[in-house]
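Data first, discussion second: the structure below is written as structure tokens.
Computed from the coordinates by the stated procedures, all read-outs in this text should not be read as laboratory data. These numbers were taken from a predicted model, which means no experiment stands behind them. For neighbour counting, all protein chains shown are included, and Cβ atoms are generated from backbone atoms with ideal geometry for every residue, glycine included.
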Amino acid sequence: MYALRKYVQATGDESFLQECGAEMLVETARLWLDLGFYAARKGGAFCINGVTGPDEYNTVVNNNAYTNLMARENLRSTREILPRDGWLVVNDTFLFAESHRHDGVGRRSRGRFLDRIVADARRVDGILSATMSHDAAYEFLRLGQALERADMTTRVLGVRAAALMAAASAPDGDGEHAEVQWMSVLASLSARQMYHRSTREPVNGPAVVRFLLTDRAFPGYVAACLARVAAGLAALPRGEEVLPAVRAAEVELSLVDPTETDGKTLDDAMDGLQLSLAAVHGQLAVTYLRVAAPG
């Protein structure tokens, strides 16, 4: 991997890196992460035990200097595309989650724990927007973010929103607290404030569904997410191989009636959308990550 990095630096052959070099870097980095571990006895340092370095007369040793240096070089090569400030936040978040993992389970502390994780994720997002070159790597990150947002929105609508609609139509439905429950749907997608700003109407089920599916100004709006994926693919090599799956998802979305008030119908529609989004993910994996498509 050291030679691969030096070759790309010397020749500028980025096509080699895109075609096969990046896969080699990532897979070998995963190998080191599988072999190594953080040793509490060494102050949390990353260790690789039971290896044989260039000196084959001394086999199966712990923390061989040559092996550790090459592993470090390999891991650094896979991360250098992102700004250092971004990696620092990611590392801080990892350390916080590791040391406070029990807070994420406790009922009283869960909210504070998740608030910290969400805040750090937004910090990383801001750092990448402000300090990362807006090249193919950046577009790929944003593409993945848009796909994840679309998937999350359809899951919330398919599970929580559909259940609320079904409950409202039941003979003993709880209409008294419906507004509060729909507000929680918006809050789960960080959309409550923008809903009020956009619609200027009280919170109710059909309006919430319509907003999350069709509001063109909200970044979590499903169609906007799909448009962002398509725009990202236009900036990537071989993006045309994935674009048909995106267009199929857009067609699936166009078949959804945002005014539908039947919970079962909404749930089925979101299931169809999630399958379409999974097909986009599968084609992305086949095209760029060289793994088999799911299913």
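Some observations on this one:
- Tail beyond 17 Å, pair distance distribution of the stretch 1-80 (Cα, percent): 52
- Note that the stretch 46-150, at 4 °C in a medium of 1.567 mPa s, gets a Stokes-Einstein diffusion coefficient of 77 µm²/s from its Kirkwood radius over C-alpha pairs.
- Annotation: peptides 101-110, 156-165, 28-37, ranked by per-residue average of other Cβ atoms within 10 Å with the highest first, follow the order 156-165, 28-37, 101-110.
- Ranking 68, 182, 24 by Cα position along the charge dipole of the chain, where only Lys, Arg, Asp and Glu carry charges on their C-beta atoms, puts 68 farthest toward the positive end.
- Simple Cβ-charge dipole of the stretch 82-132, Lys/Arg +1 and Asp/Glu -1, about Cα centre, in debye nearest 20: 280
- Helix 65-79 vs. the chain, principal-axis angle (Cα, 0 to 90°, nearest 10): 30
- Equivalent-ellipsoid semi-axes of the chain, from the Cα gyration tensor, Å, largest first: 43, 25, 17
- Across the chain, C-alpha contacts under 8 Å between residues 6 or more apart give a mean separation that, scaled by the residue count, equals a relative contact order of 14 percent.
- Relative contact order %, the stretch 82-132, counting alpha carbon pairs below 8 Å whose residues are six or more apart: 56
- Only Lys, Arg, Asp and Glu carry charge here, each on its Cβ (+1 for the first two, -1 for the last two); on that basis the chain has a dipole of about 1020 debye about its Cα centre.
- With semi-axes defined as the square roots of five times the eigenvalues of the C-alpha gyration tensor, the equivalent ellipsoid of the stretch 215-295 measures 25, 16, 8 Å, largest first.
- Relative to the longest principal axis of the Cα atoms of the chain, the long axis of helix 243-254 lies at roughly 20 degrees.
- Globularity index of the stretch 82-132, i.e. its alpha-carbon radius of gyration over 2.2 N^0.38 Å: 1.24
- Placing unit charges on the Cβ atoms only, positive for Lys and Arg and negative for Asp and Glu, gives the stretch 59-149 a dipole magnitude near 440 debye about its Cα centre.
- Given the chain, longest segment not containing exposed loop GluC sites (Glu not before Pro) (DSSP; at most 11 other Cβ within 10 Å): 177-295
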